[in-house]
Amino acid sequence: MRPRVLATVAAGSALAGAALILLVAWAAGWLHNTKHTVVVEQDPAPAQIATPARVRPLIGSDFDPAAIYRSRSPGVVTIYSIYGSGGADGAAQGSGFVVAADGVILTNSHVITTAGDGAGVARAATSVYVEFQDRDRVKARIVGWDVFDDVGVLRVDPQEHRLEPLPLGNSSSVLVGEPVAAIGSPFGNENSLAVGVVSATLRSIESLTSQYNLVDAIQVDAPINHGNSGGPLFDAQGRVIGINAQIRTDNGNAEGVGFAVPINAARRSMTQLLAKGKVSYAYVGITSADLTPGLARKFGYPVRYGAVITSVRPGSPGDKAGLLGGTEERDFNGLAFTYGGDVLVAIDGRPVRNANDVSRAVAERLRPGQTATFTVVRDQARRQVEVVLGTRPRDPNAR
């Protein structure tokens, strides 16, 4: 009996070991041909869309900044933009990263144009150069830019330098508290690494490059300094989840509050720029404010959450559709609140719980020329308002 028992134990151990090996192989991606690609919409000209970056995420869930830097920094570049004849006042420096083997590079619009300097319509740099980790420098062509989401797209000749495309992640799954790594060229110090955590998500912040807020920005405590703009923000698996874009500071130094453009928004901009050389956003022409339970009780609204329309621009799509803005401003608990307007509670059947939901829906889901159904609460009753969307103007105050 003893040899049989030993054989049974040995067989069980072998099966357990084999199962463990299979589990590890599955987790590492060896048993399935998973390929992480640059996911883009099939927008007008698929042939012009970037070649997917075939890069696997890093194995494991532990945060290893050294591994991220080692594997991803070859795909990060320093960008030099020259305006006019150049010189100290005619040059700018930022960061960027390769996203496709055919030479597509992502950065911020304010790195390669005059967007954000207060000079009106953005003007492209006269010349743009991309410098790789080995200090080799090549000339780049500006494909286009999006001032609304602060995204710029460049293209370089893949024959001039070996390219290391970076995998793009999913910014909608980013969680507060997860670790992140930023690689860029702060103050011209090429390929510098900074680490931290996501300190907030879904931020609506003032844009550097337009009069519209940037929605769904990722807030991080990793030091983001001048020159980091346009560089990638990585998650623990080495996937790009954002483009480092802004710092908030009183003295010009990094103070632990940085913001990144979410990569999902950047991907949408890149798709349109590669296909058409420009971007277009839907436009309603309304401003709104959050409706909270306290405000609902105070002012007698029949719903607790939504977006109260505070103003409607004359002649805008919202005005033509009959949406109503606020009529009177009151103070409540130290908050100035404009009431009397419609309460927007859904767009095309999807719930609206606050003003950011409105901005997000219009920017991400809706398209110019589309007819959208806005569900509003007016005079204690729900109404369906059909809005034919326009194209977002550069200046929302223009008539």
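For region 287-297, putting each phi into the Karplus relation 6.51 cos²θ - 1.76 cosθ + 1.60 with θ = phi - 60° gives couplings of 10, 9, 9, 5, 9, 10, x, x, 5, 4, 5 Hz, in residue order, rounded to whole numbers and with x for Gly and Pro. Across the alpha-carbon set of region 87-165, the Rg to Rh ratio works out to 0.97, Rh being the Kirkwood radius. Couplings for region 218-230, taken from phi via the Karplus curve 6.51 cos²θ - 1.76 cosθ + 1.60 with θ = phi - 60°, read 9, 9, 10, 9, 5, x, 10, 10, 4, x, 6, 3, x Hz in order; Gly and Pro are left as x.
The mean of 1/r over all pairs of different alpha-carbon atoms in region 255-324, once inverted, gives a Kirkwood hydrodynamic radius of 15.6 Å.
Most tightly packed first, judged by the mean number of other beta-carbon atoms within 10 Å of their residues, the peptides 377-384, 64-71 read 64-71, 377-384. When only alpha carbons of region 329-368 are considered, Rg and Dmax amount to 12.9, 39 Å. With all protein chains kept in place, the per residue accessible area of region 223-370 amounts to 40 square angstrom at a probe of 1.4 angstrom. In summary, region 175-287 shows an alpha-carbon radius of gyration equal to 1.09 times the 2.2 N^0.38 Å reference for compact globular proteins.
Amide H contacts under 5 Å for Gly242: Leu233, Ile263, restricted to partners 5 or more places along the chain or on a different chain, H placed in the peptide plane at 1.01 Å from N. Over region 301-350, what relative contact order in percent results from Cα pairs under 8 Å that are six or more residues apart? About 39 percent, as a whole number. Counting only protein heavy atoms and a probe of 1.4 Å, the accessible surface of region 78-235 is 48% carbon and sulfur. Between the alpha-carbon centres of region 125-182 and region 280-351 there is a gap of 38 Å. Short-range pairs are left out: with C-alpha atoms under 8 Å and at least six residues apart, the relative contact order of region 251-359 is 22 percent. Summary value for region 135-260: 22 percent relative contact order, contacts being C-alpha pairs under 8 angstrom separated by 6+ residues.
Computed from phi, the 3J(HN,Hα) profile of region 268-278 under the Karplus parametrisation 6.51, -1.76, 1.60 (θ = phi - 60°) reads 4, 5, 4, 4, 5, 5, 5, 7, 10, x, 8 Hz, with x in place of Gly and Pro.
The values are calculated or read from the model by the stated rules, or taken from the named source; none is laboratory data. Model, not experiment: these values are computed from the prediction. Note: ideal-geometry Cβ built from the backbone for every residue, glycine included; neighbour counts use all protein chains shown. When the accessible area is computed, the model is the full protein with side chains, heavy atoms only, and any ligands, DNA or RNA have been set aside. Shrake-Rupley method; radii C 1.70, N 1.55, O 1.52, S 1.80 Å.
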